[in-house]
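Taking it in order: structure first as structure tokens, then the write-up.
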Amino acid sequence: MILTVTLNTALDITYTVDALTPHTTHRVDRVGERPGGKGLNVARVLAALGHESVVTGFAGGSVGTVLRELLAPLPPRDALVPIEGSTRRTVAVVDATTGDTTQLNEAGPTVTPMEWTAFLAAYETLLRDADAVALCGSLPPGIHVGAYADLVRRARTAGVPTLLDTSGEPLRRGIAARPDLAKPNADELARLTGSREPLRAARDARRRG
């Protein structure tokens, strides 16, 4: 089983309009909703490729309820931890004429220390049956920037390989915890190392962890 962690899950909402014009009113031709967040996307791809996958992270409020209802019929198993705050929404507005997309991302709910403790307990239980774990995406408010580093260390203690896909300070601290694989994009790698030359930046990142 491959475990994917999405601490800042989202309900992805897509609006399609004929043409996106600022300061005007638009008629939305099509509306799409799906459970989102990097780890959930990874789990869906894994399931499509025939791998058993489990998703964990947080879900709460009416938006979290909709997310879990949409997730229920899909192959990834839902092991999300309930919280009091409401799961965030991400809104993508697609211009059908140009194909361009405008993205609006909410920050996410504030996670309390008690909710984080509950998640850690669930995470360590799930690690017992995991062959690998993917730690993906941004951190919601209330989660400390060293959270992914902590999760990498707990997975290593359990003997489970880790993949880390995040950015900024959580990436820097997570790299120092020595995940087995990290997936920064070019901009994230440059911000981490100060170099925009890919090979040099990759070598620097490896030296950091």
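Once both labels are positioned 7 Å from their Cα atoms along Cα-to-Cβ, the gap between His51 and Asp131 label points is 0.8 nm. What the Cα convex hull of the chain gives, in volume per residue, is 144 Å³. The distance between label points at Glu84 and Glu69 comes to 2.5 nm (points 7 Å beyond Cα on the Cα→Cβ vector).
Taking Cα centroids, how far is the stretch 7-84 from the stretch 148-171 in Å? Rounded to whole Å, the Cα centres lie 23 Å apart.
FYI, it's all coordinate maths here, none of it is from the lab. A quick note: this is a predicted structure, and the numbers were derived from the prediction, not measured. Glycine also receives a Cβ, built like all others from the backbone with ideal geometry; neighbour counts cover every protein chain displayed.
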